[in-house]
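The values are calculated or read from the model by the stated rules, or taken from the named source; none is laboratory data. Computed from a predicted structure; not experimentally measured. Because the Cβ atoms are built from the backbone with ideal geometry, glycine has one as well, and the counts that use them run over all protein chains shown. Keep in mind that these areas ignore ligands, DNA and RNA; they rest on the heavy atoms of the full protein, side chains included. Shrake-Rupley method; radii C 1.70, N 1.55, O 1.52, S 1.80 Å.
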Amino acid sequence: MQVTIDGRAQHFRTVAFAPTRNEVRLIEQRLLPHEFKVIGTHDFRETARAIRDMVVRGAGAIGATAAYGLAQGALAFRGHHLPRFEAHLTCVFETLRDARPTAVDPVNAMLEVRRKMQAATTVADQQALALTAAEEFADEAVAHCRALGEVGVSLIREGMRVLTHCNAGWLAFVDIGSATAPLYAAHQQGRAFHVYCDETRPRSQGATLTAWELAQQGLAHQVIADNAAGLLFSRGQIDLVIVGSDRTLGRSGEVANKIGTYTKAVLAKRHGVPFYVAIPLSTLDWNLPDGAAIPLEERDAAEVLGAWGLTQSGQREYVRVANPSSGAYNPGFDVTPPELITGIITPAGIFRPQDLWQNRSLLGG
Ligand code: MRU
């Protein structure tokens, strides 16, 4: 998307690759909204750390990062011995996969790169194919998000008040975003509407990242505390909810997404407000039987017990908020059942979650 810094507009992708330096290029999302900076990672372990430590985050963005990280790991291999190359790739794959367990996009992205590499029979040819395949994955991810905008735009009507949770915007993808794609498309068509961004504690991706994105693109919006949504629903101040997903189960229609998504889905159902989930095809998991099998990440207690912010002198600093002797439990994601979801917006159309399985041939399953 276009980013305007100091009055200068420039187009950026969240994730890119510099082949001459074998470097994955990432927007340092932990600094936003205070500072816009692109950093490079120089080997697959550093790339995995960037995923784990949330330099880059969001299912689609970590999917593309893992695809590039696999290519980066493949390109760093020296030698011609195919079995040793295969063993090295298994290590790269597992390191990147284990960096964050809940989103399925990194696994789907790397399996796609591995599948395309199989067309070659030498190490050198597989290395070349790895990079091409990672670039193709990133390009396809952008095309899918563009299609989400085209499919979902008719849901956004003039004057609507739309609630979104966490950041399922372009920062969570390579470009455009999933939940934000219909919003950006409607904005481009000149429709006026208002977006409420759930703050999304504990890491506040709604308040920091989604709000920054929407401000950059000129969309009317306000941040609300997570606890405020119930009041807004009860007063009829929310007309539509759109969120993203880190893993959507093709078999059961359950949706894993940022902690607090389930709460909003329950509220939407209670108040008769349509609740949509927007996903590219790389977010679909056709294997797991049900939501209980989804590995839900548990994160550091420090995220709940305090917060990061900018001091008056411009330093990024962590401050402790909670009682000093208390601990915290910090599940990062929850699972929303299909009966609370009005529709899943995909690049191939909008489906009831219960109908994903029967439409799997359309959806890449
Ligand atoms: O922990 P994060 O910031 O990676 O979580 C991101 C979300 O849960 C988004 O809402 C999600 O990735 C869906 S859109 C990619």
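Here are some notes:
- Count - residues of the stretch 38-53 that are closer than 21 Å to G177 by Cα and either in a helix (DSSP H, G or I) or touching a helix residue (DSSP H, G or I) at 6+ places or on another chain (Cβ under 6 Å) (or both): 3
- Within the stretch 165-175, the presence of a residue that is more than 9 Å from the ligand (Cβ to nearest atom) and either at pLDDT below 95 or open to solvent by 20 Å² or more (accessible area, probe 1.4 Å) (or both) is excluded.
- Count of residues meeting criterion [outside any helix (DSSP H, G or I) and open to solvent by less than 50 Å² (accessible area, probe 1.4 Å)] in the stretch 259-308: 20
- The condition of being open to solvent by 10 Å² or more (accessible area, probe 1.4 Å), within 15 Å of the ligand (Cβ to nearest atom) and not assigned by TED's automatic domain parsing to the domain that holds E298 holds for only one of A99, A119, that being A99.
- Flag if G58 is within 16 Å of the chain's Cα centre (by Cα) and on the phi > 0 side of the Ramachandran plot: yes
- Filtered residues of the stretch 11-30 (kept if open to solvent by 80 Å² or more (accessible area, probe 1.4 Å), out of contact with any Asp or Glu (no Cβ under 9 Å at 6 or more places or on another chain) and either closer than 21 Å to G58 by Cβ or of a type in the set (S, T, Y) (or both)): T20
- Any hit, the stretch 56-71, residues being over 24 Å from L296 (Cβ atoms), in a loop (DSSP other than H, G, I, E, B), away from the ligand (no atom under 16 Å from the Cβ) and in contact (Cβ under 8 Å) with a residue 24 or more places away in the chain: no
- Looking across the stretch 1-37, the residues that are in a strand (DSSP E or B) and either within 18 Å of the chain's Cα centre (by Cα) or touching a residue at least 60 places away in the same chain (Cβ under 8 Å) (or both) come down to Q2, V3, T4, V15, A16, F17, V24, R25, L26, I27.
- Answer from E339, E317 - the residue that is among the charged types (D, E, K, R) and in a helix (DSSP H, G or I): E339
- Any hit, the stretch 184-192, residues being within 16 Å of the ligand (Cβ to nearest atom), assigned to a loop (DSSP other than H, G, I, E, B), out of contact with any His (no Cβ under 6 Å at 6 or more places or on another chain) and in the same structural domain as P347 (by TED's automatic domain parsing): no
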